[in-house]
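Okay, structure first, notes after.
The values are calculated or read from the model by the stated rules, or taken from the named source; none is laboratory data. Owing to the predicted nature of the structure, the values given are computational and were not obtained by experimental measurement. Here Cβ is always computed from backbone atoms with ideal geometry, including for glycine, and neighbour counts include all displayed protein chains.
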Amino acid sequence: MLIPEYVKGHNLLAGKSVLITAAAGAGIGFSAAVKAAEEGCRALMISDIHQGRLDAAVAKIKEQTGLQEVYCKVCNVTVEDDVQALVQAAEEILGGVDVLINNAGLGGSKLLVEMEDAEWNRVLDVTLTGTMRMTRAMLPKMMERKAGAIVNNASVLGWRAQKEQAHYAAAKAGVMALTRCSAVEAAEYGIRINAVSPSIALHDFLRKSAPEELLKELASKEAFGRAAEVWEIANIMMFLASDYSSYMAGEIISASSQRA
């Protein structure tokens, strides 16, 4: 199927500072970081669990977009001290965080009857509880300023059943519920919390974690007959992060086919 031309930035985030988790590498998080720079953000901080990949990502963003106010900090979202340190560093270095994009997540494939507690807990700890920790740490800062936007990365599996995905689906359904409930609490402070729900967006990490045949089958069932490009998902994140979504709270935006 025909892939649309890459959409150039339109200064949707002009003057804003952005913090993104799990943004090293070649996935949605890194694409969102590039997009934020292209959309005119004044400063950007990315986090991940690998310093080397973070350093490489920072250099690439600077070279590719021209934005020089790009910073990074290692953070494991399953560790509360890491989360608090990341938020504090971002607040100080960026002069306050205007936009938080919770992208960190962990998947895998395992039949429920073969799944051990440790595997279940790991996926939920990174994907759901990690999103909660970051939101919990960031909200008081934004509440003081009575402004801010938080964008969560959910998934079609929060709605749709798929074999061997019970842990990931439960986590992403939790992210959707967390988005809705936290949005109601945050709205009275002028803070918007919303999420994007991608069905399938191809990137290197996904290709390593799922059989190629399965990915092709899933992509063929999509509305456009193909998987999303990671930047297409990042575009939706930019909309949710921008003032164009000023009247949205607790919404989950679908990307392509979300058939149950």
Scan the range 147-168 for residues that are aliphatic (A, V, I, L, M) and surrounded by 24 or more Cβ atoms within 10 Å (Cβ to Cβ) and jot them down.
ALA149, ILE150, VAL151, ALA154
Hey, does the range 172-184 have a residue that's within 20 Å of VAL79 (Cα to Cα) and charged (D, E, K, R)?
yes
Positions within the range 34-64 being surrounded by fewer than 18 Cβ atoms within 10 Å (Cβ to Cβ), among the basic types (Lys, Arg) and under 19 Å from ASP98 (Cα atoms), in sequence order
ARG42
Wholly within the range 141-260, which helices (runs of 4 or more DSSP H) include no fewer than the required count, namely at least 3 residues that are within 21 Å of THR129 (Cα to Cα)?
166-187
Does LEU106 satisfy the condition of being surrounded by 15 or more Cβ atoms within 10 Å (Cβ to Cβ) and either over 20 Å from the mean Cα position of the chain (by Cα) or within 20 Å of THR129 (Cα to Cα) (or both)?
yes
Residue check: is LEU112 surrounded by fewer than 19 Cβ atoms within 10 Å (Cβ to Cβ) and either under 15 Å from the mean Cα position of the chain (by Cα) or over 28 Å from ALA37 (Cα atoms) (or both)?
yes
Test GLY15 against the criterion of being in contact with a Lys or Arg (Cβ under 6 Å, 6 or more places away or on another chain), of a type outside the set (Lys, Arg), at pLDDT 95 or above and surrounded by fewer than 17 Cβ atoms within 10 Å (Cβ to Cβ), and give yes or no.
yes
Taking the range 64-79 as the search range and keeping residues that are touching an Asp or Glu at 6+ places or on another chain (Cβ under 7 Å) and part of a loop (DSSP other than H, G, I, E, B), which one is farthest from LEU94 (Cα to Cα)?
THR78
